[in-house]
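Here is the structure we will look at.
The values are calculated or read from the model by the stated rules, or taken from the named source; none is laboratory data. As the structure is a prediction and not an experimental result, all values here were calculated from the model. Virtual Cβ from ideal backbone geometry, glycine too; neighbours counted across all protein chains shown.
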């Protein structure tokens with residue numbers, strides 16, 4: 001390694017050859033790392049040389065007496081470790097770095113350590129030597145024209161000159177049509193990472209890395225990086241299929257895609273990765289319908305996510321390209337259509353334009369030999385040993401192939417209940433929950449993503465207090481479920497008792513068996529009868545406490561551990577469209593599905609989301625005509641899933657074919673607000689939430705009636721609320737009647753619901769349920785928009801998922817700051833320093849501060865108000881995260897009571913942040929440090945594995 005120091009000589013009596021012992025560096029030295037020196041020579045990485053260089057720098061400035069030497073030694077050890085770790089993060093897994101990369105990190109380490117004098121001298125030294133090298137280069141004779149300076153090494157070991165012309169073309173294509181990007185800079189930066197004999201595959205990766213480093217400065221580099229990634233993807237896929245166009249550029253793909261597509265489908269079927277039914281399509285027609293230019297729509301995060309996790313592969317070689325991927329999914333969903341080519345093209349256009357995106361299980365498995373396309377499964381666990389372990393086995397089978405699970409554990413008798421068969425006493429529900437927890441960990445869908453389960457328990461269950469403690473990090477670990485999500489299933493009567501400061505009684509379900517299936521006024525009456533039995537001494541296993549005491553513990557555990565979430569039983573049931581068929585006993589993993597379950601029926605739901613921002617026109621109007629077309633096609637796709645889907649357990653197939661529920665949701669809500677110039681915390685945002693969801697609801701219900709007219713109504717339609725002309729909006733009156741005053745919801749409407757109501761009653765519905773708003777943690781990444789109905793998390797941060805860490809910068813904010821002459825390196829550093837927040841930055845105007853306020857800067861009550869407006873239109877629920885920067889008991893009490901009074905059915909994570917930080921100085925490696933948390937619930941949030949913003953390792957409902 002070239003070791004440049006601040007001076008040409010240092011005191012001879014203190015020049016350590018190894019300032020830091022090798023043993024101390026061993027843990028931080030990257031493996032398989034190489035360094036390109038300025039003469040082009042490649043040498044092995046040696047962290048000891050960094051320590052020597054830093055030591056000489058200190059000695060040159062501070063002198064070399066014995067006392068200083070000891071202090072310098074310790075400081076150098078710490079700085080060297082920091083530099084080595086920084087390089088390890090950037091070049092994880094090995095790679096080649098330039099000498100300048102190392103010196104950049106040394107400079108940063110000196111600045112962060114506040115060694116300003118040394119750093120200043122170091123910077124001046126580097127600049128002086130850069131000037132001298134430049135002058136020397138001018139005096140040296142230039143290489144003759146046509147002389148190849150670099151060669152690449154092919155997989156077979158042979159070498160050939162680097163194709164400079166193709167390199168220039170690929171970069172030019174990547175930058176085409178994008179403002180404020182510099183192709184020449186990308187090439188120059190990439191050359192720093194290239195050396196003579198570099199493996200051919202590393203050239204494309206070096207270009208991508210160069211573009212990635214500038215994403216935080218200019219969001220358009222995210223698309224540049226994606227397009228450069230496409231080049232290596234094309235090379236990999238076309239090469240695997242033996243296509244002559246293996247070196248095709250983006251411009252060439254107009255001709256290459258059709259030929260490639262036919263070969264891809266046939267090869268996928270031969271390898272038994274795709275269904276042979278796909279080969280029976282008119283592949284020439286479908287290939288001609290592909291739109292190569294839509295490959296250019298991706299951001300880097302979106303395309304990398306697809307490549308890493310969704311594209312089919314053989315022996316780790318991915319031979320599926322983006323447009324083939326979307327067409328494969330479309331073909332998988334069109335298999336049972338009469339004119340399936342036309343429908344496949346219709347579905348493809350919706351997906352590839354990002355107007356709508358199917359959920360992750362559908363994207364994974366459509367068109368494959370085992371098309372498990374459904375997202376969510378809900379089960380009820382019965383109160384006998386065979387049933388309990390059968391339910392756990394069902395969990396394992398569903399987790400193996402499927403999405404997220406919601407288990408209703410309320411029927412299982414509580415601690416101390418009598419067991420007739422053994423004349424003993426029950427250990428309660430908790431030991432079985434532990435088994436279910438460990439099963440979810442063991443079965444993880446073949447490594448594609450982790451299995452995930454949420455357990456639900458009603459608030460009158462005698463084990464509820466132990467249930468609240470399940471996620472605590474203290475206590476008996478045999479009675480803890482660290483990997484399972486938990487949720488309270490709260491009846492309205494409990495909330496009334498809390499509001500009225502009444503008493504609450506806990507029962508074992510074997511003593512009160514009918515409470516499980518009762519809801520609303522019927523539940524209230526029967527519950528009070530059981531309380532009377534307790535008063536008369538007829539029930540001996542019970543516990544009585546102030547309702548507010550249990551409520552406080554619920555909120556306390558939610559704050560401390562993030563669980564159990566709070567979901568409301570009665571709104572889910574009183575407004576349930578298919579309540580004649582059964583009772584809703586739980587929601588799902590992400591709290592947006594509300595379907596009935598029992599021992600013979602496992603509820604299933606198929607999800608997909610409309611990209612709302614794509615339906616807002618440039619003049620700031622929600623395009624109703626386009627939205628209706630999108631929703632109509634999307635509902636057809638979701639309905640097709642039900643018949644094509646692979647069911648791993650018979651109870652799920654029986655239930656899904658009988659009731660045919662689907663869950664159409666939305667994503668990109670925050671992007672739509674940006675496009676409309678509406679702050680999230682405003683009446684206008686609440687009104688837009690109302691207006692947009694009303695239109696989605698109207699068109700979804702209409703589309704289901706159209707499908708019923710074409711294909712027939714779902715078999716349990718008669719007796720449903722639909723059959724009585726009670727639409728989701730109308731069911732609010734039923735809830736108000738049951739609540740008796742504890743409901744405050746805006747009931748306004750703007751569309752012609754009377755005519756649609758008549759059509760529903762006369763024609764019928766194809767689907768028992770039509771809408772649910774899922775978190776969309778991953779599919780929103782694919783489309784490059786904000787997830788679901790979430791506010792912006794931060795305007796500049798690092799997002800982590802199974803594909804790695806990705807710098808995310810708010811492109812709308814950057815665009816606005818540019819228009820006002822405010823986007824510069826100082827602004828970037830300010831955003832880093834203030835953790836992506838614009839509020840503390842004085843030079844940002846007030847209107848932009850309001851528009852770009854981040855999730856933890858919003859009053860969470862605005863989230864509830866917007867959710868309330870949506871909920872009146874939804875026949876299921878919405879996955880609603882609530883953000884609170886500094887939560888306390890009083891705030892939580894008010895917030896969750898507001899959610900209940902506003903008619904919400906469920907809530908999801910309470911996201912709290914005691915402290916966050918983004919790297920406070922300019923980084924040369926193009927990355928920010930991952931956001932970290934501290935404070936009361938930091939440990940829990942660090943361990944969150946389901947749909948988490950910070951660490952979304954599972955996207956079970958996405």
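Identify, from the list 410, 379, the residue that is touching a residue at least 40 places away in the same chain (Cβ under 8 Å), outside any helix (DSSP H, G or I) and over 20 Å from residue 443 (Cβ atoms).
Selected residue: 410, the only one of 410, 379 that is touching a residue at least 40 places away in the same chain (Cβ under 8 Å), outside any helix (DSSP H, G or I) and over 20 Å from residue 443 (Cβ atoms).
Out of (1) within 24 Å of residue 831 (Cα to Cα); (2) at pLDDT below 95, the odd one out for residue 779 is which?
Checking residue 779 against (1) within 24 Å of residue 831 (Cα to Cα); (2) at pLDDT below 95, the one that fails is (1).
Does at least one position in the stretch 701-715 carry a residue that is surrounded by fewer than 21 Cβ atoms within 10 Å (Cβ to Cβ), closer than 27 Å to residue 583 by Cβ and without any contact (Cβ under 8 Å) to a residue 40 or more places away in the chain?
No, the conditions are met nowhere in the stretch 701-715.
If you go through the stretch 155-176 one residue at a time, how many are in contact with a helix residue (DSSP H, G or I) (Cβ under 8 Å, 6 or more places away or on another chain) and within 25 Å of residue 818 (Cβ to Cβ)?
So the answer is 5.
Just to be sure, is residue 294 surrounded by fewer than 22 Cβ atoms within 10 Å (Cβ to Cβ), in the same structural domain as residue 255 (by TED's automatic domain parsing) and modelled with pLDDT of 95 or more?
yes
How about the stretch 161-279: which helices (runs of 4 or more DSSP H) wholly inside it have at least 3 residues that are closer than 30 Å to residue 341 by Cβ, at pLDDT 90 or above and within 30 Å of the chain's Cα centre (by Cα)?
It comes to 220-240, 253-270.
Kindly indicate whether residue 434 is under 20 Å from residue 599 (Cβ atoms) and either surrounded by fewer than 24 Cβ atoms within 10 Å (Cβ to Cβ) or modelled with pLDDT under 80 (or both).
no
Being crowded, with 21+ Cβ neighbours inside 10 Å and under 23 Å from residue 705 (Cα atoms) is the filter here; which residues of the stretch 616-629 pass it?
Matches in the stretch 616-629: 627 only.
When you check residue 373 against the structure, is it closer than 30 Å to residue 312 by Cβ, under 24 Å from the mean Cα position of the chain (by Cα) and at pLDDT below 95, yes or no?
Taking the combined requirement at face value, the residue satisfies it.
What are the residues in the stretch 877-907 that are in contact with a strand residue (DSSP E or B) (Cβ under 8 Å, 6 or more places away or on another chain) and part of a helix (DSSP H, G or I), if any?
Selection gives 891, 892, 895, 896, 899, 900.
Considering each residue of the stretch 328-360, count those that are outside any helix (DSSP H, G or I) and either in contact with a strand residue (DSSP E or B) (Cβ under 6 Å, 6 or more places away or on another chain) or crowded, with 24+ Cβ neighbours inside 10 Å (or both), and give that number.
Result for the stretch 328-360: 7.
Taking the stated definitions as given, is residue 673 surrounded by fewer than 18 Cβ atoms within 10 Å (Cβ to Cβ), part of a helix (DSSP H, G or I) and out of contact with any strand residue (DSSP E or B) (no Cβ under 7 Å at 6 or more places or on another chain)?
In short, no.
Checking residue 871 against (1) under 26 Å from residue 575 (Cβ atoms); (2) at pLDDT 85 or above; (3) touching a helix residue (DSSP H, G or I) at 6+ places or on another chain (Cβ under 7 Å), which test does it fail?
With (1) under 26 Å from residue 575 (Cβ atoms); (2) at pLDDT 85 or above; (3) touching a helix residue (DSSP H, G or I) at 6+ places or on another chain (Cβ under 7 Å) applied to residue 871, the lone miss is (3).
Tell me which residues, restricted to the stretch 412-430, are within 15 Å of residue 456 (Cα to Cα) and either under 33 Å from the mean Cα position of the chain (by Cα) or surrounded by fewer than 23 Cβ atoms within 10 Å (Cβ to Cβ) (or both).
If the condition is that a residue be within 15 Å of residue 456 (Cα to Cα) and either under 33 Å from the mean Cα position of the chain (by Cα) or surrounded by fewer than 23 Cβ atoms within 10 Å (Cβ to Cβ) (or both), then 428, 429, 430 are the ones that fit.
Condition first: touching a residue at least 60 places away in the same chain (Cβ under 8 Å) and closer than 30 Å to residue 746 by Cα. Can you find one or more residues in the stretch 794-805 that meet it?
Checked against the condition, which is being touching a residue at least 60 places away in the same chain (Cβ under 8 Å) and closer than 30 Å to residue 746 by Cα, the stretch 794-805 yields no hits at all.
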